[in-house]
1. Here is a list: Ser87, Ser97. Which entry is among the small types (Gly, Ala, Ser) and without any contact (Cβ under 8 Å) to a residue 40 or more places away in the chain?
2. What residue, among those in segment 279-298 that are small (Gly, Ala, Ser) and more than 13 Å from Glu323 (Cα to Cα), is modelled with the highest pLDDT?
3. I'm told Glu174 meets every condition in (1) under 29 Å from the mean Cα position of the chain (by Cα); (2) away from the ligand (no atom under 14 Å from the Cβ); (3) touching a residue at least 24 places away in the same chain (Cβ under 8 Å) except one. Can you identify the failing condition by its number?
4. Under 6 Å between Cβ atoms, which residue pairs at least 6 apart in sequence (or on different chains) link something in segment 37-53 that is part of a strand (DSSP E or B) with a partner that is of a type in the set (Lys, Arg)?
5. Looking at segment 263-283, I want the residues that are without any contact (Cβ under 8 Å) to a residue 60 or more places away in the chain and within 19 Å of Tyr237 (Cβ to Cβ) and have a partner that is surrounded by 22 or more Cβ atoms within 10 Å (Cβ to Cβ) and hydroxyl-bearing (Ser, Thr, Tyr) with Cβ atoms under 8 Å, at least 6 apart or on another chain. Which pairs are those?
6. For Asp388, only one of the following conditions fails: (1) touching a residue at least 12 places away in the same chain (Cβ under 8 Å); (2) assigned to a helix (DSSP H, G or I); (3) farther than 28 Å from Val479 by Cβ. What is its number?
7. Quick one: how many residues across segment 20-49 are among the charged types (D, E, K, R) and closer than 23 Å to Glu75 by Cβ?
8. Please go through segment 465-481 and pick out each residue that is exposed (fewer than 15 other Cβ atoms within 10 Å of the Cβ) and either of a type in the set (Ser, Thr, Tyr) or modelled with pLDDT under 95 (or both).
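The values are calculated or read from the model by the stated rules, or taken from the named source; none is laboratory data. Owing to the predicted nature of the structure, the values given are computational and were not obtained by experimental measurement. Note that we place each Cβ from the backbone using ideal geometry, even for glycine, and neighbour counts take in every protein chain shown.
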Amino acid sequence: MKKFYITTAIDYVNAEPHIGHAYEKILADVLARWHRLKEEDVFFLTGTDDNAQKNEEAAKKVNKDTKEFVDENAEKFKELCKILNISYNHFIRTTESKHKRIARDIFRSVYEKGDIYKSNYEGLYCTGCEEFKTEKELVDGKCPEHNQELKLIKEESYFFKLSKYRNKLIKLVESKDFILPKEKRNDILSRLKDDELKDLSVSRINKEWGIKTPIDEKHVIYVWFDALINYVSGVDYPEGEKFKQFWPADVHLIGKGINWFHSVIWPGMLMSAKIKTPKTILVHGYLTVNGKKIGKSLGNVVNPKFFVDKYGADQLRYYLIREIPFGQDGDVNEGILKIRINNELANELGNLVSRILTLAEKNFNGEIKKSVLDKKLIDRLNLKKIHDCMDKFELHNALSEIFRFISECNKHINEEKIWELKDKEQEKHLYTLLESLRIISILISPFIPETSRKLNKQLGIKNGLLDECRFGLIKSYKVKKEGILFNKIE
Ligand SMILES: [Zn+2]
């Protein structure tokens, strides 16, 4: 059986989740569910980065014990997954003892290889990024990502010989499909080629919070070195069955701000530790809300729970995937969300289901038998295009192609004036339309799983697999209309 291992970034738990976290989890969930529909063995990992220095700082600000604080916030990220219907297989936390042990083991093996040495570091540190910055990266003396002042740090540190892997890394980054979309590869590549690749400081001295290095009790492991290891500790590196089955990861899904860590530092660590590198680093864009950068000042509207409570999880999932071309930055706009719910979910999909089921109940008591297929309609489904889009991670195009077929079904009902047809003639059309709904339900299930579940219940069927997206499989339907799928928004 083919396997598919997908991960999201693990989130800092210094604050509550916002819509950007929701977006990444939804994207990963769609891919995980799609591969399950293809009958692949899927492992989907998400979780929290508990060991970051900024978690400790945030805890201090509210006078809380750090562990208590990260436990509380990690729960909020789990809760987010629950309300969004995120079908992860494992939720990892980097304070788990298993993860700590594996992070220390990998640190030790890189050290024993001679790739870690002690020296002194002097530089400007951004606690937002949890990264040392060079002067070149700053804008007006501040981190452009966080718009905050940096701390000057001068201290003893252990360094990882990242520079040693420069040529191998260039080759890896140049290889096809390692960083997708392609545009996201170029800045990494030019940075690798143009700049001198510096060794990486991988420890911090005299810190309370974090994982102690296995070679020096005075130092904790630099949080990124620790955090990246979650992708292998989450599948029980090195001896676990899951690691043997699922590693290397097929997709590390991440936001564009942490591409360097995943495309350069992580593979460098893996090369040193003699672990295979992941297949694809898949990079999505950033979200703004009503045109503004996500920040505290925006209040409620950056909270994904706000949207889920007001409109529903599937509505939010649909909107985010459909609205934002994968890989690009996008804006979350409540007005457009409402328009899409009304025009596409309610008027197209909801209406189609209601029209077909109403006719089937009124004229056939809900019982529709298999009959000759209506070629004119089934030819309008372009399955190949949907598959191609998903293979290229163009989730927005795949969803839009599925919805094109949904409007074709509505058009077909109008063109043929199906409600005016009599007996057998109408039943024939209804059979093809029910088969269309069954197939639509399979195709939308990765995107809007709750809607698919409700639709299947009305159709009296179980959710199928991609292989069952073929017309004429069901011998007879017994359908039952149950309410409406989507409420229109005023
Ligand atoms: Zn920063």
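1. Ser97
2. Taking the candidates together, the pick is Gly291.
3. Only one criterion is unmet by Glu174, namely (3).
4. Asp41/Lys3; Val42/Arg36; Gly47/Arg93; Thr48/Arg93
5. Matching pairs, first to second residue: Trp266/Tyr231; Pro278/Tyr231.
6. Exception for Asp388: condition (1).
7. The qualifying residues number 4.
8. If the condition is that a residue be exposed (fewer than 15 other Cβ atoms within 10 Å of the Cβ) and either of a type in the set (Ser, Thr, Tyr) or modelled with pLDDT under 95 (or both), then Ser476 is the only one that fits.
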